Structure formats: structure tokens, C-alpha cells
1. Using the Karplus curve 6.51 cos²θ - 1.76 cosθ + 1.60 with θ = phi - 60°, what ³J(HN,Hα) values do you get for each residue of the range 218-234, in whole Hz, with x for Gly and Pro?
2. Express in Å², to the nearest 10, the accessible area of residue 181 obtained by rolling a 1.4 Å probe over the protein heavy atoms while all chains stay in place.
3. Each residue of the range 95-112 in turn: what ³J(HN,Hα) in whole Hz from Karplus with 6.51, -1.76, 1.60 and θ = phi - 60°, glycine and Pro shown as x?
4. What does the extension gain come out to for residue 309 and residue 336, with contour length at 0.36 nm per residue minus their alpha carbon separation?
5. When the chain is modelled as a GNM with alpha-carbon springs shorter than 10 Å, which of 209, 329, 285 fluctuates the most?
6. Using the basic label-point model (7 angstrom from Cα toward the beta carbon), what is the residue 238 to residue 182 distance in nanometres?
7. How large is ³J(HN,Hα) for each residue in the range 204-209, as worked out from phi by the Karplus curve 6.51 cos²θ - 1.76 cosθ + 1.60 (θ = phi - 60°), to whole Hz, x for Gly and Pro?
8. Run lengths n ≥ 4 of DSSP H only: what is the helix-derived mean residue ellipticity at 222 nm for the chain, with -39500 (n - 2.57) per run over all residues, to the nearest 500?
Amino acid sequence: MLSSIKPRVSFIDWLRGVAAIIMLQGHTFDAFLRTADRGGAFFTFSQFFGGEAAAIFLFLTGATYGMGMNRREHLSAGQRVLQALRRARFLFILAILFRLQGWVFAWGKSPWRDLLRVDILNVMGVTAALLSILALRSGLDRVRWAVIAGAAIAIFSPVLSMLNTSAIPWPVRDYFVPSAEMFSIFPWGAFLAFGVAVGSMIPLVERGGWNRVMQWSALLGFGLVFAGRYFADLPFSVYSKSEFWLNSPALVACKLGIALLLGSFAYLWSEYLAAGDWSLVRQLGTTSLIVYWVHVDLEYGPWFADYRQTMTVPQVLLSAVLMIVCMLGVSVAVTRARRLLQTQPELVPVVTLPVRSEPQRRRA
């Protein structure tokens, strides 16, 4: 039996906010830095760290997806899967609306194929639908199967690149075959599957045990990063076609390790260093979807097209700061609008996590 679940988990929001800031600077550099400076250190590091944002968003989406499965364990097996599919459908509808809005705003300049372009929201929706069957399991059983699913996606990603998939229609192929131009289920869906494992594990942690969990999370994060780099640097590979930055399981291990390390730090910060205080980072995290939607339209839409890939490094750095400030303003405005629309007083943000007490855990 779960204890009462509050509306938000503060350290998860803080981690989302970190991902949002990483994403904002990465997209600003990608959209506006001039070609002559794209071989420099600033752009390289910007894109290196920017690539972690997508992994964190997918990981946290999976965690909330798993937590949702926990809340519906009292339903029948069919109802649990159906509810999970409805959540996946919601994500996929958001993806379609996002592409449609971008295509309409770029009317006449964007080909119709852009409507079917696979973005991170598409991957979230389709991967969540494929993983909805995990709702049939519960507790540690679901954690195990989610980890197996994530590992399988990572391991088979290079295999998808090796196969001849030319006979598959491109709108379907783009969802599965790794590509440097867009997101795909292989390997990106692995982060969502691992997130489901974490979300499903949350009720299994006894009260007072989260400090120990986060210590192990940090150690596991370090281990994954070092193991990923070790296997990536080996002079041989079991795959005949594998690229570290495209489809390598080692890259998944490194990104997952970084996500776990950042999650441990987010917990430390939210629980002990700034507990209860208003946080710019957490504020962005509470409205990360709106921040993502608005900033992509601003940076890649028609509004500032004349400045695209024309700026120097100092100009882009200033633009990134301005974009973060602008998105903070959007986030605060959205939060205030939500409060005005509420019919009841706003619930206090969560500091503690929904977990089982020790006697309840033993009976489970």
C-alpha cells in the first residue's frame, strides 16, 4: 500500500531544470553560431553537454511513467495496460501538435515531410506505448523487466544500423534506425526504459532509505561512465558497424551514468542545501514542456531566421543567457496562470518521496 503521493517530487523537478538549461544553451549554439566557429572548443563542449539533456528528459519521463504504473496497481491487468497506453497516446499527440505548429509557422518554407520528422516527443510516445506491457508486472519484477528492456534497446541499436532496412517505409524506419539527424527508439528509448525501472522502484524504498539509495546511485553512475568509456576505447568490437556518438551501448552507459550522478546531486541540493527555497533551476523544471516547446519555436522557427548561424561565440553566449532569462519569465508566467486557474489552494511542493514504510514493505 502506497502512502499519499504528492503532486511533485522536488529533486526530479530540479533535475529537469538542469536538463532545460543544458538544452537551452545547446540549442542556442546550434542555431546561431556561425560556421567558422563550429570547429572550436565552445561549440564542441556545448553540443557534448547539450546531448545529455535529451537523455535526462527521456529518463525522467520514464520515471514518472513507472510511478504512474505504481499508482494503478489496484486496477485489473487490462486496465493498467490501457491507462499506460493512454499516457503514451497523450505524449504522441503532443509530438504531432508540436510538428504541426512548427510546420504552420514556417508555412511555405518547410516541406511536408517535416510533419513526419521524428523528434524526442515522438520517441517518448512510441517507446512508452511499447513499454506499456510492463504495467502487467509490479514491484521488483517490473524493475527487472524494465532494466532488461533498456539493456536490450541499447545492445541492439548497432544491429539496427547493420540491417538493410531500405524496404521499410521511411516514416516507420526513422522511428527505429539510429540516425545522426533525428531521434529514434534505438538507442534513445533505452533511457525511458531505465527510467521506468527507477520510477517502479520508488515505492520499494523504505522510509529513511533515500540517502543510501542516492549514494549507490552516484556510485553506479561513476561505474557506468567508466565502464562505458572503457568498452568504447577497446580496439575491437562485437559489432561490425558501431559508432560511439550514434548507436553505441557504451554511449548509453555514459549518458545514463551522468544522469544518475546529476540525480544524486539534485537530491543532495534539494533535500539539504536548498530545501524549501525558491530555485531558478527547479522553476524551469516544473514547466519543462512549455520551455521546450516555446524555445524551439523561437530558435528554429521563422522569428530569428535572419540571425541563424551568423553570430560569434560571445554573441551566442549572451543570446543563451537571454534565452534562459526569457524562458524563466515564461515559466513563472505559466506557474502564476496555473495558480489563478486553480479552484483550490496550491499544494505544497514535495520534499519527501512516496515510499512504503518498513512493515508495509515486508508484507508486499
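The values are calculated or read from the model by the stated rules, or taken from the named source; none is laboratory data. Values in this document were obtained by computation on a predicted structure and should not be read as measured data. Every residue, glycine as well, gets a Cβ built from its backbone with ideal geometry; the counts of neighbours run over all protein chains shown. Surface areas here come from the heavy atoms of the whole protein model, side chains and all, with no ligands, DNA or RNA. Shrake-Rupley method; radii C 1.70, N 1.55, O 1.52, S 1.80 Å.
1. 3J(HN,Hα) across the range 218-234, in whole Hz: 5, 4, 5, x, 4, x, 5, 5, 5, 5, x, 5, 4, 5, 5, 8, 5.
2. 130
3. Once θ is set to phi - 60°, the couplings for the range 95-112 become 4, 5, 5, 4, 5, 5, 5, x, 5, 5, 5, 9, 3, x, 10, 10, x, 4 Hz.
4. Working it through step by step, the gained length comes to 6.2 nm.
5. 209
6. 3.0
7. Calculated HN-Hα couplings, in order: 7, 7, 6, 4, x, x Hz.
8. It comes out at -22500 deg cm²/dmol, rounded to the nearest 500.
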